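K.L.:
One structure, as structure tokens, below. Some questions next.
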Amino acid sequence: MIQDCKAKPENQHLTGFRKSLLNPDEFTVTFELVPSRGGRNRQHDRTLALACDLARDGRISAVSITDNAGGHPALSPEILGMEILETGMDVISHFSCKDKNRNEMEGQLFGWDRQGLSNLLVISGDYPQRGYSGHPKPVFDLDSVHVVDMLTLMNKGHYINQSTHPTSFFKGVAVSPFKLHEAEQLMQYYKLHRKIEAGADYVITQLGFDARKYHEVLLYMKQNKLQVPILGSVFIPTLPLVEIMHQGKVPGCIIPDALYRKMKEEVSPSDNGKQDRLRRAAKLLAVLKGMGYNGAHIGGPGLSMADFDFMLRAAGRYESRWPELVAQLNFWPKKGFYLYRKDRQTGLNRPEAPPRAHFKSLQPLYTLAKFTHDIAFEPRGPLYKTAKKGCLALHASPLKRPFAAFEHISKFLLFGCQNCGDCTLATHAYLCPQSGCAKYMLNGPCGGSRDGWCEVYPGKKRCLFVTSYERTSTTNSQAQFSKGFEPPRNWELNNSSSWFNFYQGLDNRK
Ligand code: SF4
């Protein structure tokens, strides 16, 4: 099955993805592979053959392998990853949070470390889709910030108070600059702070088509001293995928109307527009390199070695005139959000942000909940000591259970409380992530929101983090969303009183 492809690469002058990405003089190119369902598909053989060709060619530093992309079960990334490593091509394994709890993750990661699969792309993951006999349980025990933190500890070899042999994971994370509204865009950037603070080594953007938005995230990282390498995604969709993406059916991916119309016009009787899509991708590659990206992450179904060669050669020719290509990569909805003012000369961004929007000023529930929290749950609050004393006395009395029931019922009615016992209401603008976020995210949104709506309930439920941002817009306290991070839920406290737990110092707020 695996071709003999260990011949000396023709263009290879680097060994491995990590080395390439950490070399500031290199522009690292990677490619995304999407395994399909089934263990013995012909498709896997074709994928391996392509990996062999790419390894021989040497211009691609690594292939990444998705982890149940789109939420659909598929061949797991480590199986294909191990076979591809044998071809001499380096591998980035996607590691998503959706299907496994923290213990399963740990076991899997130790296995990957043993197998030499050390380059990871840690993502929340798409919401799981229908599987055997129905819909699976969406696990999301940890979010991507937690996983990066766990990997950082594993790399140090000191993990949950035990010493283990240090792992050597190279931890990538994702960010989307392609959000249409201020709240969802800023929350993406705030979460990036947390990912990098937790130990992320590099960043890959969500796929997009607008040069100024690619420039925005680069400028944001520079301004905020988020100093890790970044790769821009360059995606070449097939025509059927263009339709699906334009309809908003691929979470987090946007094909704006203008680009959609252009792609349709490019279809001719002799060509389905693929050459134009490859040429556009080549221009984006040249622009990303020109504006200062450390590399590009290419993706797209059905690409052949000939397509790569065409695209990479074209990108080489475009390189010297990248500034004039920016105007040709101007695909963002007119009302879509940009963080910075436009630089009329370059078509990119000036390092100045216009004033932020102020959302609804009257937030009765938020105001009341915050007031109660500040006086009774903040150690400096005037009622803190009294509330603590009262709660501890109740905990030691026969009223313990009725009081816990009172807490749960009142918080259920007000916030949809699920009685997790480890309450994070105060850090989420008094919205409960256990009932309000389909993926139970604690440190910021996943990449799947669109127009401010949750990926799982489009048009029905606003993303919890969008509402959190909007609720706090009047107090200008959104910066809290980028600082530190919210630890994972402690399941030992499930179905217990968060108030008792808090005053006893048992929860994560201690
Ligand atoms: S205790 Fe847990 S489930 Fe209840 S409101 Fe707080 S965060 Fe939500």
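The values are calculated or read from the model by the stated rules, or taken from the named source; none is laboratory data. All figures in this text were calculated on a predicted structure; none of them were measured in a lab. Please note: Cβ atoms are built from the backbone with ideal geometry, for glycine as well, and neighbour counts cover all protein chains shown.
K.L.:
Output the number of the condition that residue 344 fails; it satisfies all remaining conditions of (1) loosely packed, with under 12 Cβ neighbours inside 10 Å; (2) among the basic types (Lys, Arg); (3) under 24 Å from residue 508 (Cα atoms).
P.N.:
(3)
K.L.:
Also, quick follow-up: Looking at residue 407 and the list (1) in a loop (DSSP other than H, G, I, E, B); (2) more than 34 Å from the chain's Cα centre (by Cα); (3) among the acidic types (Asp, Glu), which single condition is not satisfied?
P.N.:
It fails just one condition, (1).
To keep it simple, each residue is scored yes or no on (1) aliphatic (A, V, I, L, M); (2) closer than 30 Å to residue 187 by Cα; (3) within 16 Å of the ligand (Cβ to nearest atom); (4) assigned by TED's automatic domain parsing to the domain that holds residue 210.
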| residue | (1), (2), (3), (4) |
| --- | --- |
| 315 | yes, no, no, yes |
| 337 | no, yes, no, no |
| 349 | no, yes, no, no |
| 375 | yes, yes, no, no |
| 390 | no, no, no, no |
| 402 | no, no, no, no |
| 405 | yes, no, yes, no |
| 410 | no, yes, yes, no |
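K.L.:
What's the total number of residues in the stretch 220-277 that are under 26 Å from the mean Cα position of the chain (by Cα), charged (D, E, K, R) and under 20 Å from residue 302 (Cα atoms)?
P.N.:
3
K.L.:
Just need a number here: residues in the stretch 211-249 that are in contact with a Pro (Cβ under 9 Å, 6 or more places away or on another chain) and assigned to a loop (DSSP other than H, G, I, E, B).
P.N.:
Selection size over the stretch 211-249: 5.
K.L.:
Check 145, 122, 139 and return the single one that is in contact with a Ser or Thr (Cβ under 6 Å, 6 or more places away or on another chain) and not hydroxyl-bearing (Ser, Thr, Tyr). Outline the logic, then answer.
P.N.:
Values: 145 fails: in contact with a Ser or Thr (Cβ under 6 Å, 6 or more places away or on another chain); 139 fails: in contact with a Ser or Thr (Cβ under 6 Å, 6 or more places away or on another chain).
After ruling out the rest, the residue left standing is 122.
K.L.:
Given (1) modelled with pLDDT under 95; (2) within 32 Å of the chain's Cα centre (by Cα); (3) away from the ligand (no atom under 13 Å from the Cβ), where does residue 364 come up short, assuming only one miss?
P.N.:
Among (1) modelled with pLDDT under 95; (2) within 32 Å of the chain's Cα centre (by Cα); (3) away from the ligand (no atom under 13 Å from the Cβ), residue 364 violates only (2).
K.L.:
Filter the stretch 421-451 down to residues that are surrounded by fewer than 20 Cβ atoms within 10 Å (Cβ to Cβ) and either under 16 Å from the mean Cα position of the chain (by Cα) or away from the ligand (no atom under 16 Å from the Cβ) (or both), then give me how many there are.
P.N.:
Number of matching residues: 2.
K.L.:
Residues of the stretch 452-507 being within 18 Å of the chain's Cα centre (by Cα), of a type in the set (A, V, I, L, M, F, W, C) and in a loop (DSSP other than H, G, I, E, B), which ones?
P.N.:
454, 456, 463, 485 - these are the residues of the stretch 452-507 that are within 18 Å of the chain's Cα centre (by Cα), of a type in the set (A, V, I, L, M, F, W, C) and in a loop (DSSP other than H, G, I, E, B).
K.L.:
Testing residue 180 on (1) part of a loop (DSSP other than H, G, I, E, B); (2) among the hydrophobic types (A, V, I, L, M, F, W, C); (3) crowded, with 23+ Cβ neighbours inside 10 Å, one condition comes back false. Which one is that?
P.N.:
Of (1) part of a loop (DSSP other than H, G, I, E, B); (2) among the hydrophobic types (A, V, I, L, M, F, W, C); (3) crowded, with 23+ Cβ neighbours inside 10 Å, only one is false for residue 180: (3).
K.L.:
Could you check residue 295 against (1) surrounded by fewer than 19 Cβ atoms within 10 Å (Cβ to Cβ); (2) under 27 Å from the mean Cα position of the chain (by Cα); (3) in the same structural domain as residue 217 (by TED's automatic domain parsing); (4) under 17 Å from residue 214 (Cα atoms) and say which number it fails?
P.N.:
Unmet for residue 295, out of (1) surrounded by fewer than 19 Cβ atoms within 10 Å (Cβ to Cβ); (2) under 27 Å from the mean Cα position of the chain (by Cα); (3) in the same structural domain as residue 217 (by TED's automatic domain parsing); (4) under 17 Å from residue 214 (Cα atoms): (1).
K.L.:
Against the definition (in contact with a Pro (Cβ under 8 Å, 6 or more places away or on another chain), outside the structural domain of residue 373 (by TED's automatic domain parsing) and away from the ligand (no atom under 16 Å from the Cβ)), how does residue 455 come out, yes or no? Please lay out each step first, then the result.
P.N.:
Working: in contact with a Pro (Cβ under 8 Å, 6 or more places away or on another chain): yes; outside the structural domain of residue 373 (by TED's automatic domain parsing): yes; away from the ligand (no atom under 16 Å from the Cβ): yes.
Against the criterion (in contact with a Pro (Cβ under 8 Å, 6 or more places away or on another chain), outside the structural domain of residue 373 (by TED's automatic domain parsing) and away from the ligand (no atom under 16 Å from the Cβ)), residue 455 qualifies.
K.L.:
Report whether or not residue 261 is among the basic types (Lys, Arg), without any contact (Cβ under 8 Å) to a residue 24 or more places away in the chain and more than 24 Å from residue 350 (Cα to Cα). Before the answer, list the steps.
P.N.:
On the way: among the basic types (Lys, Arg): yes; without any contact (Cβ under 8 Å) to a residue 24 or more places away in the chain: yes; more than 24 Å from residue 350 (Cα to Cα): yes.
Against the criterion (among the basic types (Lys, Arg), without any contact (Cβ under 8 Å) to a residue 24 or more places away in the chain and more than 24 Å from residue 350 (Cα to Cα)), residue 261 qualifies.
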